[in-house]
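This report concerns only the one structure given below.
Taken together, the values in this text are just the output of simple stated rules run on the coordinates, not laboratory data. All figures in this text were calculated on a predicted structure; none of them were measured in a lab. Ideal geometry is used to build each Cβ from the backbone, glycine not excepted, and the neighbour counts take in all protein chains shown.
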Amino acid sequence: MKNEDLSRFSYMGIISDLNKIAQSIPNFLHLSNCDPPVYGYVLEAAIQKQINQLQISNFSGYPSWNGDDELRHALSQRIQGISNVEIPPNRLVMTYGVSEGFPLTFDALFYKNPGSLAIPDPSYIPLIVQARRFSKIWFYDCDEQLNWNPDMDQLVTSLEKHPDTKAIVIITPNSPTGAVYSEKTLKELINIAGQHNLIIITDEIYDSLTFGKFVSPLEFAYDNPVIYLNGFSKVYRLPGFRLGYLGWHDPLEKYPEIWFQLEHLCKGRLGVTSIAQEIAKLALRESKEATLDFTQSIHKKQIFLTEHLESIDGISVVPAQGGTYVFPRIIYDIDDEILAKYLLKTHHIYVTPGSAYGFSPARNHLRFVTLESYDALLQGAQALKKSLNVLSK
């Protein structure tokens, strides 16, 4: 895929156009904001109290290049508790969010051995923007008729057309569709990756924010090399501290040079913020009940919004199974970018068009974020209904 074909995915493209319109609207309703604390979703009070008692001056020195030892040990235990697979602390590094994990990953993979990268469609905008800096990329389709699971036949056919593919990205729960891949789906994906000698890159930022059983791709990776990405922005509601972590699973030591390069890159940037890591250690102690309350609140809002969207002529919705998104499909022949701009200009409702997240399957969709109040979500659904009544004529 040519880089010029991907310009619309950057924040200089579709998102920039919407932001320019929003600047002239002082009180628009932002239903595409993924920042939990803005809507009151913060860590439980006991943890917040401990955070407020931290002496910031105690954390003014340089951090370790790979991260706080205690934190990495805790994260190793967390990963094993979720996936039944150990990524030891010495194969974990702290990053400035998953967004920094992407360029570190792609640099390590492609700096000496150019090749292609397979990315799901729909996908996460920063992933697409970062990947195109380091490699050729192509998209494998996630099929709405299959509850947004990957189209395995299309994936295999595409791999045959791109024999230089070195890695495949798996995002579960998926942004923006809210799909959560089943054990069967993951086994199929990993089997395909193994047959084509692909390194697996798994982004699991929403792992505990699911409305059923979550299964990590790590659980079925076995001997397949995996780069594991996660962070504290979503489940632990700490996006402002920009803290993520990257793990390397390669039990047969097939690619020692990749971990060597990752270490080299991380040493070159001297480590991530010390105070953020101390806060992360506290966040990991949040009670399961508090995390569950957050998840259940989001689930109820997703059900609420989905029901109202499904009642609109010209809209269909695959119910999300995780994340903070609803991704309705526009059945009418209306361009999703035009519809998103109309919603913003006419009704002062900001949602993102599906075209910002991929090529074929993502088109003719809108992404709603379900962090706002019930009244705000209802207002968004009602504005969409009115807009379709006008634009479909």
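Whole number please: convex hull volume per residue of the Cα set in the chain, in Å³? Show your work: numbers first, answer last.
Details: hull volume 54.7 nm³, N = 393.
Cα convex hull per residue, to the nearest whole number: 139 Å³.
Taking neighbour Cβ counts within 10 Å as the exposure measure, how do T177, T352, T172, T210 sort from fewest upward?
Numbers: T177 31, T352 24, T172 28, T210 20.
Ascending Cβ contact count within 10 Å gives the list T210, T352, T172, T177.
Need one number for the stretch 36-112: average projected area of the convex hull over its C-alpha atoms, nm².
On the way: hull surface 31.3 nm².
Result: 7.8 nm².
Which whole number in µm²/s is D for the stretch 73-130 by Stokes-Einstein, with the Kirkwood Rh taken over Cα pairs at 4 °C and 1.567 mPa s? Before the final figure, lay out the partial values.
Values: Rh = 13.5 Å.
Calculated translational D: 96 µm²/s.
Describe numerically, in nm with one decimal, the distance between label points set 7 Å from Cα along Cα→Cβ at K281 and at D293.
2.6 nm
If the limit is 24 Å between Cα atoms, which of K166/K281; K112/K166; K341/K393; K49/K301; K161/K234 go over it? Kindly include the intermediate steps, with their values, before the conclusion.
Values: K166/K281 34 Å; K112/K166 12 Å; K341/K393 17 Å; K49/K301 28 Å; K161/K234 36 Å.
The pairs that break the limit, which is 24 Å between Cα atoms, are K166/K281; K49/K301; K161/K234.
May I ask which residue of Y342, P89, S311 lies farthest towards the positive end of the charge dipole of the chain, with charges of +1 (Lys, Arg) and -1 (Asp, Glu) on Cβ and the Cα centre as origin?
Farthest towards the positive pole: Y342.
Placing +1 on the Cβ of each Lys and Arg and -1 on the Cβ of each Asp and Glu in the chain, which of W248, V369, Y62 has its Cα farthest towards the positive end of the resulting dipole?
Of the candidates, Y62 comes out farthest on the positive side.
Can you give the extra length, in nm with one decimal, that the chain gains between D143 and N191 once fully stretched, where that is 0.36 nm per residue apart less the Cα-Cα distance?
Details: separation 48, 0.36 × 48 = 17.28 nm, distance 1.90 nm.
Stretched fully, the D143-N191 segment lengthens by 15.4 nm.
Under a straight-distance cross-link criterion of Cα-Cα below 15 Å, which aspartates and glutamates are reachable from K187, leaving out those fewer than 8 residues away in the same chain?
By straight Cα distance, K187 reaches D151, D153, E219, D223.
If you rank L284, L366 by fewest surrounding Cβ atoms within 10 Å, what's the result? It would help to have the intermediate numbers written out before the result.
On the way: L284 16, L366 25.
Listed from fewest to most nearby Cβ atoms, that is L284, L366.
Quote the charge dipole size of the stretch 55-283 about the Cα centre in Debye, to the nearest 20; the model charges only the Cβ of Lys and Arg (+1) and of Asp and Glu (-1). Before the final figure, lay out the partial values.
Working: 19 positive and 26 negative charges, 124 e Å.
Roughly 600 debye for the stretch 55-283.
Over 33 Å, how big is the tail of the calculated P(r) for the stretch 55-283, in percent of all Cα pairs?
Numbers: 3191 of 26106 pairs.
Percent of Cα pairs beyond 33 Å in the stretch 55-283: 12.
Expressed in nm to one decimal, what extension gain is obtained for the pair N113 and E219 from 0.36 nm per residue of sequence separation less their Cα-Cα distance?
Numbers: separation 106, 0.36 × 106 = 38.16 nm, distance 2.79 nm.
Answer, rounded to one decimal: 35.4 nm.
Loop only by DSSP, 14 or fewer other Cβ within 10 Å of the Cβ. Give me the trypsin sites (Lys or Arg not before Pro) in the stretch 224-267 that pass, ordered by residue number.
On the way: sites: K234, R237, R242, K254, K267; in loops: K234, R237, R242, K254.
The qualifying sites are K254.
Just to be sure I understand the model, the point goes 7 Å from the Cα along the line to the Cβ. What's the resulting K254 to Y62 distance in nm?
Label at K254, label at Y62, 3.6 nm between them.
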